[in-house]
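One structure is given here, and the rest of the page talks about it.
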Amino acid sequence: MIKRSKAIVCLILTAVLIALMAITAGRGWGPGHKGAAKNIKLGLDLAGGVSITYQTKEKNPSKTDMADTIYKLQKRVEGYSTEASVYQEANNRITIEIPGVTNANQVLEDLGSPGELYFISQTGSDGKENYSYNSETGEYELAEGKTIESLEKDGSIVLTGKEVSSAKAETTEDDMKNKQNIVSLKFNKEGTKAFADATTKAAANNETIGIYYDGEFVSVPTVNEAITGGSAQISGGDMDKDMQIAKDLASYIRIGGLSLALEELRSNVVGAQLGEDAIHTSLIAGLIGLLIIFVLMMIIYRLPGLVSSVGLIIYTLLVLIVLNAYDITLTLPGIAGIILGIGMAVDANVIIFARVQEEIGAGVQIDRALRSGFKKAFSAILDGNVTTLIAAIVLFILGSGSVKGFAQTLGIGIIVSMFTALVAVRWIIYSIYTLGAKNPKLYGKRILKPAFDFIGRMKIWFAITGCVILAGLIIMFVHIGKKENAFNYSLEFMGGTSSTVSFDKDYSIKEIDSEIIPVVEKITGDANVQAQKVKNSNDVVIKTRTLSLKEREQMEQELSEKFGFDKKAETPVATENISSTVSSEMRRDAVVALLVAIVCMLLYIFIRFRDIRFAFSSILALVHDVLIVVLFYAVARISVGNTFIAVVLTILGYSINATIVIFDRIREEIGITVNREKLAATVNNAISKTLTRSIYTSLTTFIMIGMLYILGVSSIKEFALPLIVGIIAGGFSSIFISGSLWYLMKTKLGKNKVAQ
């Protein structure tokens, strides 16, 4: 334990830090209230943002070019927020929605006007100049008779924006330590070769390469040497005087690499898709859930439970501050990541203090029981959290959109939860013990009972899960037989109808949520209706699944009769079909990220447990849980959209963590097993000893999600219900499936399998 003076200092510092964090999260510091929770950037679904619609200059663009342009734009606008979305509207329009932004003009200025970008050699194949400087206008111009078409035929277009993978404005120092503004370029494979050839020629002849964007030269840099490494820097000129010029040039180059040339059609500021009630009810649900968890922890673990509650307060405040500090956009999937982080924070405390109670029940002194509890729980906490953190890192690197946003908040939650459990809670409980809390009654004790025979009944567990999966598959195929989709895809996955309605008055967001949306939901039967209020107007953008002509007419009639339209508007209801906001490329990214994450987790488990059977059985249990959730979506006909991805990823992290806790106990107790009977007893003991942990962790997570379901709006309920099913499935597989799978593999597979 620690000295009394250190214990006093530790508790005082803890109290001061909690107070400072509470002030920071509650009010913030300075005139801008920096660090305040209210300043956390919220996504379009929670707070709204800017909506910009572009139209292609080509009237009938191909599907391939549209898809490629949408995907590239998606990657670029993620610089504003990982939750920004890009989707097709009608035949030749692309809409960008960026959360947490209120200045559409600033976004347009930063993003640049999407045009056509070309890198042009100074001289053509005929030796004549392709462009020259006009002293009267102070600008470079194409030589007389030269056009982009003629330059392309001549081979003078050395590369286009399509070959530029990134462009970024930066400030560096030259050889004389003078600061200069530059634009750093990186090229793809084709661009690297083309630029190397072009700069080799230009350097040999002391020529320039003109950067021609949307009908004019934006920069004509001199080439000093051949550039073959796939990257380049543009410097000099007016950029040295004004960083904004460098930023504009970088913006032109970034946006000029699109497959299609675009022109702005409209831009406006829109309100939250889920409405203001979504945030309010989620906060209330979270607070109630945390309070219930505090009470349960104190009832079950007594003084350590109180300390765990303090640890959860520290966790919550730290997460809020970190979200603010790193300017992370919080959306519904992000909330899922935070909830999972809370579950893992509770889980770590449960593992530790369950161990402490075991030690006390075995007659160990309190101080030794505390040290032993933290020591024995460390490996389970480390392996469970690191495995999930690996998944979060992979999902962040390879994913896009909501997947990346989920991974951010999950990763933050894991790191903070490990800190609170292994550092903050540890020192607080040690300090309280040192200051006199040494009565065993304050800690409780746990007398281990005879182990339940889980392995002997594994056929029952497999039969139960087999019947559930089979029933789900049958119902799903029944839907397919009726010529329905296997799943009820929402507009994020299948596209839908966007209706801009001009009402005769300015309805508030609350009125839209409580009065207008229910009318649309009743007509369409769509519980995933999204409505966004256009700022400084009476317009409301209503997004639904794809509507038939009859449904559109019925919706227009109902809205007109109940709410009234703007009589000055030529078209009170402007309707367009929109593409899915989750593009096929984004779905591909999500699947690839998920598969790579699973492989990485499998490798980590194999390395830590030194037995591939632990890895395979944990992954099979994970697949079981995800399959149960996916089939529930099919059976219950819950909308499959962005929240579907968040739910699946949440169950991925939750399930693997729960399974590893049991496997850690098996690894600890296995020793030298000589036959199957002793092996079965070892597995039964491991599951039985971790049973209360599995139940309590599932219960606390269930409480958090349950509060969201009870208090949430309809879209929140559709998010919470599958999570509840996933928690139940994860708890079942951890207790009944994972250990049984490992036992089967241990006795049936491998060179060192256990004999009879």
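I'd like to know which of 199, 324, 239 lies farthest towards the positive end of the charge dipole of the chain, counting +1 on Cβ of Lys and Arg and -1 on Cβ of Asp and Glu.
The residue sitting farthest along the positive end of the dipole is 324.
When the helices in the chain are scored as -39500 (n - 2.57) per DSSP H run of 4 or longer and the sum is shared across all residues, what 222 nm value do you end up with, to the nearest 500 deg cm²/dmol?
Working: 23 runs with 417 residues, N = 756.
Taken over the chain, the calculation gives -18500 deg cm²/dmol.
Rank these residues by their accessible area, most exposed first, probe 1.4 Å: 66, 176, 707. The partial results should precede the final answer.
On the way: 66 5, 176 145, 707 35 Å².
Ranked list, largest accessible area first: 176, 707, 66.
Please state, rounded to one decimal and in Å, the Kirkwood hydrodynamic radius that region 573-698 gives when every pair of distinct Cα atoms enters the mean of 1/r. Display every interim value, and only then the final one.
Values: mean 1/r = 0.0582 Å⁻¹.
So the Kirkwood estimate lands at 17.2 Å.
Translational diffusion coefficient, Stokes-Einstein: compute it for region 487-536 using the Kirkwood radius over C-alpha pairs as Rh, at 25 °C and 0.890 mPa s, and state it as an integer in µm² s⁻¹. Intermediate values should be presented prior to the final figure.
Values: Rh = 12.2 Å.
For the chosen part, D equals 201 µm²/s.
Might you work out the accessible area of residue 566 for me, using a 1.4 Å probe with all protein chains in place, and round it to the nearest 10 Å²?
Rounded to the nearest 10, the figure is 50 Å².
Just to confirm the number: angle between the C-alpha axis of helix 332-361 and the first principal axis of the chain, 0 to 90 degrees, nearest 10?
Around 20 degrees separate the two axes.
If you filter region 507-609 for GluC sites (Glu not before Pro), then keep DSSP loop positions with at most 11 other Cβ within 10 Å, what is left? Each step should come with its number before you reach the end.
Values: sites: 511, 515, 521, 551, 553, 556, 558, 561, 570, 576, 585; in loops: 570.
Passing both the DSSP loop test and the Cβ count: 570.
As I understand it, the value is the acute angle between the Cα axis of helix 4-26 and the longest principal axis of the Cα atoms of the chain; what does it come to in degrees, rounded to 10?
With rounding to tens, the tilt is 40 degrees.
How much accessible area per residue does the chain have, in Å², with a 1.4 Å probe? Numbers along the way, then the final one.
Working: 33590 Å² over 756 residues.
Heavy-atom SASA per residue in the chain reads 44 Å².
Cα centroid distance between region 338-416 and region 542-578, in Å?
After rounding, the separation between the Cα centres reads 50 Å.
Could you please put 212, 326 in sequence from largest to smallest accessible area, using a 1.4 Å probe?
On the way: 212 30, 326 165 Å².
From most accessible down to least: 326, 212.
Which order do peptides 652-658, 435-441 fall in by mean Cβ count within 10 Å, highest first?
Values: 652-658: 28.4, 435-441: 11.1.
Ranked by mean Cβ neighbours within 10 Å, highest first: 652-658, 435-441.
Can you put 457, 446 in order of accessible area, largest first, using a 1.4 Å probe? Let's see the in-between values first.
Values: 457 95, 446 40 Å².
Of 457, 446, the descending order of accessible area is 457, 446.
At a 1.4 Å probe radius, carbon and sulfur cover how many percent of the accessible area of region 393-488?
Working: 3510 of 5010 Å².
The value for region 393-488 is 70 percent carbon and sulfur by accessible area.
Which whole-number percent gives the relative contact order of the chain, counting Cα pairs below 8 Å spaced six or more residues apart? Walk me through the numbers on the way to the answer.
Details: 1346 pairs, mean separation 120.7, N = 756.
Reported as a whole number, the value is 16 percent.
How big is the accessible area of residue 177 in square angstrom, nearest 10, if you roll a 1.4 angstrom probe over the protein chains?
150 Å²
Is there a quick way to get the dipole size of region 371-459? I mean about its Cα centre, with the Cβ of Lys and Arg at +1 and of Asp and Glu at -1; what is the value in debye to the nearest 20?
Values: 12 positive and 2 negative charges, 116 e Å.
Computed charge dipole of region 371-459: roughly 560 debye.
To the nearest 20 debye, what charge dipole does the chain have about its Cα centre, counting +1 at the Cβ of each Lys and Arg and -1 at the Cβ of each Asp and Glu?
Numbers: 75 positive and 73 negative charges, 1182 e Å.
The calculation lands at about 5680 debye.
Go through (1) 47.2; (2) 31.9; (3) 41.1 and flag the label whose value is the computed mean projected area of the Cα convex hull in nm² for this structure.
Looking at mean projected area of the Cα convex hull in nm² for this model, the match is (3).
Taking the full set of protein chains and a 1.4 angstrom probe, give the accessible area of residue 467 in square angstrom, rounded to the nearest 10.
We get 90 Å² for residue 467.
In terms of Cα to Cα distance under 24 Å, which lysines are near enough to residue 179, apart from those fewer than 8 places away along the same chain?
Here the lysines satisfying the reach criterion relative to residue 179 are 168, 241, 247.
If you place +1 on the Cβ of every Lys and Arg and -1 on the Cβ of every Asp and Glu, how big does the dipole about the Cα centre of region 583-668 come out, in debye to the nearest 20? List each step's numbers first, then the result.
Values: 8 positive and 6 negative charges, 20 e Å.
That gives a dipole near 100 debye.
Quick one: go through region 690-722 and flag any residue whose amide nitrogen is under 18 Å from the point 7 Å out along the Cα-to-Cβ line of residue 14.
Zone members listed by number: none at all.
Given a 1.4 angstrom probe, I'd like the percentage of the accessible area of region 494-611 that is carbon and sulfur, rounded to a whole number.
Numbers: 3160 of 6020 Å².
Here carbon and sulfur together make up 52 percent of the probe-accessible area.
For residue 146, go through the aspartates and glutamates and keep the ones whose alpha-carbon is under 16 Å away, minus same-chain ones fewer than eight residues off.
126, 129, 154, 214, 216
Tilt of helix 63-77 relative to the longest C-alpha principal axis of the chain, in degrees (0 to 90, nearest 10)?
Approximately 70 degrees, to the nearest ten.
The values are calculated or read from the model by the stated rules, or taken from the named source; none is laboratory data. Everything numeric in this text was worked out from a predicted model, so none of it was measured. Cβ sites come from the backbone with ideal geometry, for glycine too, and all protein chains shown count toward neighbours. For accessibility, only protein heavy atoms count, side chains too; no ligands or nucleic acids. Shrake-Rupley method; radii C 1.70, N 1.55, O 1.52, S 1.80 Å.
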